[in-house]
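All remarks here apply to the structure that follows.
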Ligand SMILES: Cc1cc2nc3c(=O)[nH]c(=O)nc-3n(C[C@H](O)[C@H](O)[C@H](O)COP(=O)(O)OP(=O)(O)OC[C@H]3O[C@@H](n4cnc5c(N)ncnc54)[C@H](O)[C@@H]3O)c2cc1C
C-alpha cells in the first residue's frame, strides 16, 4: 500500500481504548480505520494486572468477558496494612481477564461491523498540511514503505508512547508532558504455584513502602493455583527498579519461596497515575486512554477508564460529523462529558494519591488499624472521588489529644478531604469552550500547588 488513503476517522493504537472506540464507531456509518503495530497474537499485549470491575462493561454496554476471555470472576478486594495484621475487605464484582482474547474479540466485532483493521502498521508521526492536522504517516512493518492515512479526526490511543500527541505543535495545549513522579513503573509475572490459593475469588493489594514505594504490590489469583503478581512504584523518586524489588522482596516471601512451578508471562511498563490531561481534544485530534492519562491515580487501573473515554469519544465524533466542525470547539463535548464525570473523580483521587505517597508505613498502619477508612469508605472514595473517611475522629481530638498517637495525620486528612473536594468542584466547572481553558488550567494548578504546600508534598 502506498500514496494517500482517505477515511473519516483514523484510530492509532488498538489497545483497550482504541479497540473500544473502533467497536462503538463500527456501529455508525463512518468510514473508520484502526491501526496497531502489533500482530494479531500480540493484541492488548501490554503487561497488566488483568483485573477489572464488572461495572466498566455495564456502564457503556460493552459485552462482558466470556468463555476464554474470562480467567476468573472476582468477588472483591482485600487491602493489607504494612504489617499484614489489618485487612480491609471491599466487596465488588469484577473479572480477571485474558487481555489478548478479549481484545481480539472486541477488534473482530468492530471488523465485522465494517471497521478496517490494519495490524503490523506503525504510526510514525502526525501528517500536517500547513497548520492543519490531516492524518497520520504510517509504515507497514512487513513491506516497509511509509504512506499517509488521511482523516477528519485523528485519534491517538497509543498509550504511553503518544506517538501523535507528543509530536503535535508545542503551543497546542493537548501536547502535555507526563511528569515522571505522576507515573508508576510496574512489573508483573503470571505464575503457577504448587498449592491452591486460599480465597481465590479475592484479589489482594498490599500497601508496604519497603516493597513498593509510592505504589503497592498485588496478588491477583487468575486460577486456583495461578496468580498475576507484581508491584508498581512511583517514578522519578530514585527508588530501586521494580524488577529488582520483585526479585528481592516479593519472591522471598513464603507464598513464593520454593512454590513457583512455572512463570507464564513476565513484563513491565509505565502507568500514568494523575488527573486526566488538561484537554483530550484539539483541532482534528482526540486522545483517549493512557495517552490522555485516563487512569485511576490511586490503584492505577486504566482499562475501564480507557473504555469510558473511548465510548464518550465515539459519541462526540459522531456529532462532529453531523455539524461538520472538527476544531477543538467542535470536539469539546468530549472534555465536558469526561471531565465532569470520571475526570473530576480522577482529579480528587490524584490529591489522595499524593497524600498516600508521602505517608510512612507506620502512618498507613495506623490508618488501616484504626479504621480511619473502612471498607465502605474505601469503596465510596474510589467511586465518587470524595474522601469517605472517619473524620468524626477529629471531633474526639479535643478530648483525647494526648492519648491519640497521630493527631497531625488526622488533621492533614481533614485538609486532604477539603482539597479533594476543591479539585473535584473545579473539574465540575470545566470551561464550556476552549478560549477559557488557559484560565481554568491556571486556577487548577493553584489548587494543586496550595495542596502540596499545605500538606508538605515534596515532589
Ligand atoms: C504492570 C501493569 C499492571 C496493570 N494492571 C492493571 C489492572 O489490573 N487493571 C487495569 O484496569 N489496568 C491495569 N494497568 C493499566 C492498563 O494496562 C492500561 O491503563 C491500559 O492498557 C490502557 O489502555 P490503552 O488502550 O490506553 O493503552 P495500551 O494498552 O498501552 O495500548 C496502546 C496500543 O497502541 C499501540 N501502539 C503504540 N505505539 C504505536 C505506534 N507508533 N503505531 C501503532 N500502534 C502503536 C500498542 O501496540 C498498543 O496496542 C496496568 C498497567 C501495568 C503497566
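Key figures for this structure:
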| quantity | calculated |
| --- | --- |
| Lone unmet requirement of (1) surrounded by fewer than 21 Cβ atoms within 10 Å (Cβ to Cβ); (2) within 12 Å of the ligand (Cβ to nearest atom); (3) in a helix (DSSP H, G or I) for residue 248 | (2) |
| Residue list for segment 114-139, filter: under 14 Å from residue 154 (Cβ atoms) and touching a helix residue (DSSP H, G or I) at 6+ places or on another chain (Cβ under 7 Å) | 125, 126 |
| Residue list for segment 23-37, filter: buried (at least 19 other Cβ atoms within 10 Å of the Cβ) and within 27 Å of the chain's Cα centre (by Cα) | 23, 24, 25, 26, 32, 33, 34, 35, 36, 37 |
| Residues that are within 11 Å of the ligand (Cβ to nearest atom) and either assigned to a strand (DSSP E or B) or farther than 23 Å from residue 69 by Cβ (or both), drawn from segment 100-119 | 118 |
| Residue list for segment 288-345, filter: surrounded by fewer than 24 Cβ atoms within 10 Å (Cβ to Cβ), under 20 Å from residue 176 (Cα atoms) and within 14 Å of the ligand (Cβ to nearest atom) | 296, 300, 342 |
| Residues within segment 195-230 that are without any contact (Cβ under 8 Å) to a residue 12 or more places away in the chain and within 17 Å of residue 361 (Cβ to Cβ), tallied | 0 |
| Subset of segment 22-63 [in contact with a helix residue (DSSP H, G or I) (Cβ under 6 Å, 6 or more places away or on another chain), away from the ligand (no atom under 11 Å from the Cβ) and over 18 Å from residue 111 (Cα atoms)] | 60 |
| Criterion: out of contact with any strand residue (DSSP E or B) (no Cβ under 8 Å at 6 or more places or on another chain), closer than 26 Å to residue 242 by Cβ and surrounded by 18 or more Cβ atoms within 10 Å (Cβ to Cβ) - qualifying residue of 88, 106, 74, 43 | 43 |
| Residue in segment 416-436 that is assigned to a helix (DSSP H, G or I), at negative phi, over 25 Å from the mean Cα position of the chain (by Cα) and modelled with pLDDT under 95 present | no |
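The values are calculated or read from the model by the stated rules, or taken from the named source; none is laboratory data. These numbers come from a predicted model, not from an experiment. Quick reminder, even Gly has a Cβ in these numbers, built from the backbone with ideal geometry, and neighbours come from all protein chains shown.
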